[in-house]
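Q: One structure, pasted below without further comment.
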Amino acid sequence: MITLYDYLPSQNAYKVRLLLNQLNRPYRTEYVSIFEGEGQSDAYLKANPMGAVPAIRLEDGTFIAESNAILTYLAEGSRFLPDDPVARAKVMQWLFFESDYIQNGAASLRYWALTNKLSSRGAELVGQRSETALRTLRVLDRELAERPFLAGQAYTIADISVFAYMHRADEAGLPLAQYGNVVAWIQRVMDQPNFVSKVYPYSIDPHSQGEL
Ligand SMILES: N[C@@H](CCC(=O)N[C@@H](CS)C(=O)NCC(=O)O)C(=O)O
């Protein structure tokens, strides 16, 4: 059985929880208290060189880190990742989009907002991240006017990845409701079989107000 290294308020880890549930794949969990420094232990750095969650450990002891790499590995051979090279590249396009623009936009803002770190980040940095986040919302809204899911007609790991932070964009102070195509897509993702709705607040971790 695979092991998921998890921290419950992490939406990067949520991506993996959602896919595992939709694959009906059993797994065990090990929790990593990232704010207490557990991610930086010598043992955990073997799982993820950055010390972040998520990571997974395969049955043979191999570790895989980075949420989108984990999604790609787990989805292999399933309906969540097409075999056709062009269709697959379209999925990868949105995984890289997520890793770059969403993680450095809406995801950062949400994390700072929910753990009271916005003021310590400074107005210039917060402004830059807000511009990035608004740009991604505009891009997603325009793209999702064209098709039901990000990479085409079918729900894939591209949707899982982008959904994780974008469906909580209002918690980042972003005007999500103004982007009707994104809102409709969020509902389509939530309507998928074996959807996981549970999102954990940072308040379950008394250490989350500290710095990583
Ligand atoms: N690019 C990484 C980002 C992972 C990430 O930032 N994880 C956060 C939780 S959401 C974390 O564990 N941070 C702890 C740290 O960076 O030390 C991914 O997609 O997996």
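Q: Expected output is a single nm value to one decimal: the length gained when fully extending between Thr62 and Arg147, i.e. 0.36 nm times separation in residues minus the C-alpha distance. What is it?
A: Working it through step by step, the gained length comes to 26.9 nm.
Q: For Lys198, which lysines qualify as cross-link partners when the Cα separation must be under 18 Å and same-chain residues fewer than eight apart are set aside?
A: Lys15
Q: Next question. If you add up the charges near Pro148, with Lys and Arg at +1 and Asp and Glu at -1, over every other residue whose beta carbon is less than 13 angstrom from its beta carbon, what do you get?
A: -2
Q: Which residue, Lys46, Lys117, Lys198, has the most motion in a Gaussian network model of the chain that connects Cα atoms within less than 10 Å?
A: It is Lys198.
Q: Then there is this: Over the chain, what relative contact order in percent results from Cα pairs under 8 Å that are six or more residues apart?
A: Details: 298 pairs, mean separation 52.0, N = 212.
Value for the chain: 25 percent.
Q: Could you give the distance between the Cα centres of the range 30-79 and the range 106-159, to the whole Å?
A: Answer, in whole Å: 23.
Q: Can I ask one more? Which of Ala172, Ala154, Ala164 ends up with the largest GNM mean-square fluctuation for the chain, with Cα atoms connected below 10 Å?
A: Among Ala172, Ala154, Ala164, the largest GNM mean-square fluctuation belongs to Ala154.
Q: Kindly put His167, His207 in sequence by how many other C-beta atoms sit within 10 Å of each C-beta, fewest to most.
A: With the sparsest Cβ surroundings first, the list reads His207, His167.
Each reported figure results from applying straightforward, stated rules to the coordinates on display, with no laboratory input. A quick note: this is a predicted structure, and the numbers were derived from the prediction, not measured. Ideal geometry is used to build each Cβ from the backbone, glycine not excepted, and the neighbour counts take in all protein chains shown.
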